[in-house]
Structures are given as C-alpha cells and as structure tokens.
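The next block holds one structure in the form of structure tokens; read it before the comments.
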Amino acid sequence: MISERARRKAGPFAWCPAIVDGFTLRAYVSIMKTVSIREAQDRFDELAQDVEQVETVTVTRDGRPVFDLVPREGAVPKKGGFDWEAGQAYLRSIGVTDPFPYIADDFDDPLPEDFLLQPLP
C-alpha cells in the first residue's frame, strides 16, 4: 500500500516496478483514491477538487466499489496561482502598456533610523 504522503508526491501516477513471469517491468500505475460512500457524502467538495485535478476517486460500500468519480474526457489539471498572460492581455485591452511606469531609483534603499519618529507633514 502506498502512503498518503507518497501518493500526494507522485500525483495521479506512480512509477512502480512490477514482476510478471519472473521479469521486472517498470510502468506507470494509476493511483486511485478510495473512499466509503459515507465519507464521500461528508467530503464531496474535496473529492470534486481532486477530480478537477484529473484524479479518479472510487466510492465503496462495505468495501466493494460502487462507482467512480472520474474527470471529463480531455480534462486538464487546473494550474494554481496567478495567470500572468491573462493579466497582461487584460491590461493591453484597456490600453495600459506599462503597468509600472516609474519606480524610483532609491526604492530599495533602507529608510533613515528616525523615519518613524518624524512628525507627519
């Protein structure tokens, strides 16, 4: 059995050796998450996110598979983070050519020691 940590590290596929008729074969083996039907009811949002990341989830009742939650055909895992290309395309569409038109040369310089002690103007 593969540990949860190893499964997360491997993603939906793991590189596993297999022995067939005395020969060692190396192949990618799909790792499916298996949950009980009651657990699936409690964690449906989390399981849906797993399926969005192109992972198959097998739902069981009394230890026997009942159905699989599978990603749609041609599904691609969602990328996390900010889509810089889309952001730049949006800025170009509204006429912004340079999002940072001016940055002072001393921007990164340390502040004077008494900066916070000076009264506001």
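The values are calculated or read from the model by the stated rules, or taken from the named source; none is laboratory data. Remember, it's a predicted structure, so these values are computed and weren't measured experimentally. Cβ: placed from backbone, ideal geometry, glycine included. Neighbour counts: every protein chain shown.
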Discussion item. Where the second residue is surrounded by fewer than 13 Cβ atoms within 10 Å (Cβ to Cβ) and the first is modelled with pLDDT under 90 and lies in region 36-48, which pairs have Cβ atoms under 9 Å and are six or more apart or on separate chains?
Written reply: none
Worksheet item: So, in region 66-121, of the ones that are under 30 Å from ARG38 (Cβ atoms) and among the basic types (Lys, Arg), which residue ends up modelled with the lowest pLDDT?
Response: LYS78
Practice prompt. Out of the residues in region 61-99 that are farther than 30 Å from GLU46 by Cβ and not in a helix (DSSP H, G or I), state the one that is nearest to the chain's Cα centre (by Cα).
Written response: PRO99
Item to complete: Report, by residue number, each residue of region 49-65 that is of a type in the set (A, V, I, L, M) and modelled with pLDDT under 90.
Response: VAL51, VAL54
Worksheet item: Within region 100-114, is even one residue on the phi > 0 side of the Ramachandran plot and not in a helix (DSSP H, G or I)?
Response: no
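Restricting the search to region 79-118, which residues are closer than 30 Å to ALA48 by Cβ and surrounded by 10 or more Cβ atoms within 10 Å (Cβ to Cβ)? Before the answer, list the steps.
Within region 79-118, the first condition is being closer than 30 Å to ALA48 by Cβ, and the residues that meet it are 79-87, 89-90.
Across region 79-118, the qualifying residues are ASP83, GLY87, ALA89, TYR90.
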